[in-house]
Amino acid sequence: MFYGGAGLDRVVLHAVIPVAEALALVWMTRNTEILLQLANLKSDEAETEAATARHHAQTVRESTETSQTRAALMQTLQSGFGDVVDAAVAGDFSHRIAADFPDEDLNRLANAINLLLGTVERGVAETGMVLTAPADTDLTRRMDGDYRGAFAKLKADTNSVVDTLSELVNRLKGTSGSLRTATGKSSRAPMICPNAPPSRRRPSRKPPRRSSN
C-alpha cells in the first residue's frame, strides 16, 4: 500500500530502488574484492622486491668480504714473495713461500714460485759441486738432475767442461808415462862425448912359439 495512491510510476520506482541498491551493493562488493586482490598482489610484489633487495645486499656483503679476504691473502703472498726475492738477490735460494692459502689460485702461484726457486737452488748447487770436485782430484762428478731450457744447457756445458778436463788429464798421464819410459832408457845407455879423443889400443901380446928342435 502506498501513501496517496498506488500509481504505476511509484510502484515501478519502489521496485527499481531495491534492485539498484542490490546492484550497487554487488558492485561495491566486487570492487572491494578487486581492491583486496590488488592489495594482496602489491603486497606479494613488495615482499618479492624486499626479498630480492635482501638477497642483493647479502651478495654484495659476501662479495665485499671475499674481496677483503682475497686482498689480505694477496698482501700475505706479496710479503712472502718479497722475502724470497730479497733472499735470492743475496744469493740464498733456500727460502720458500708458505703455500697454505684458502684460495687455490694463490696456492698455485706460490707453488710455482717455490718450484722456480728449488730448480735454481738445485742447479746452482750441482754446478758448484761438479766444478769444485776437480780441486780434490775427482773428475767423476757430473750434473744428473732433470733440467729444462737454460738449466739443461748449463748442465750440458758443465758436464762437457769436466769431460774435456778429464780427457786432458788422461792424455797428460799418458804423455808423462811415455816420458818416464824414454828417460829410463836414456839413463841406461852409455854416454858418448863427441869431443873425447879416441882411446889408445894396447897391442896384444902373443905367447912365443916354441921351437920344434
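What follows draws every value from the coordinates through simple rules; no lab data is involved. On a predicted model such as this, the values are computed, not experimentally measured, just so you know. Positions of Cβ are backbone-derived with ideal geometry, glycine not excepted, and every protein chain shown enters the neighbour counts.
Observations on the model:
- Cα gyration tensor, segment 93-179 - rounded (a/c under 1.5), prolate or oblate: prolate
- Charged side chains reduced to their Cβ positions (Lys and Arg at +1, Asp and Glu at -1) give segment 18-100 a dipole of some 120 debye around its Cα centre.
- Among the trypsin sites (Lys or Arg not before Pro) in segment 88-163, those placed in a DSSP loop whose Cβ has at most 10 other Cβ atoms within 10 Å are Arg148.
- Annotation: aspartates and glutamates with alpha-carbon distance below 15 angstrom to Lys155 (same-chain offsets under eight excluded): Glu121, Glu126, Asp144, Asp146, Asp163.
- Backbone N within segment 96-126 under 16 Å of label point (7 Å from Ser79 Cα along the Cβ vector): 96-102
- Considering only Val162, His95, Ala150, and ranking their Cα positions along the charge dipole of segment 93-179 that arises from unit charges at the beta-carbon of Lys, Arg, Asp and Glu, the one farthest toward the positive end is Val162.
- Segment Gln58-Trp27, extension gain: residue separation times 0.36 nm, minus the distance between their alpha carbons: 6.6 nm
- Dividing the mean sequence gap of close Cα pairs (under 8 Å, 6+ apart) by how many residues segment 93-179 holds gives a relative contact order of 22 percent.
- Debye, to nearest 20: dipole size of segment 69-147, +1 on Lys, Arg Cβ, -1 on Asp, Glu Cβ: 80 debye
- Coupling constants for segment 96-112 follow from the phi torsions by the Karplus curve (6.51 cos²θ - 1.76 cosθ + 1.60, θ = phi - 60°), and in residue order they are 9, 8, 6, 7, 9, 9, x, 8, 5, 4, 5, 5, 5, 5, 5, 5, 5 Hz; glycine and proline get x.
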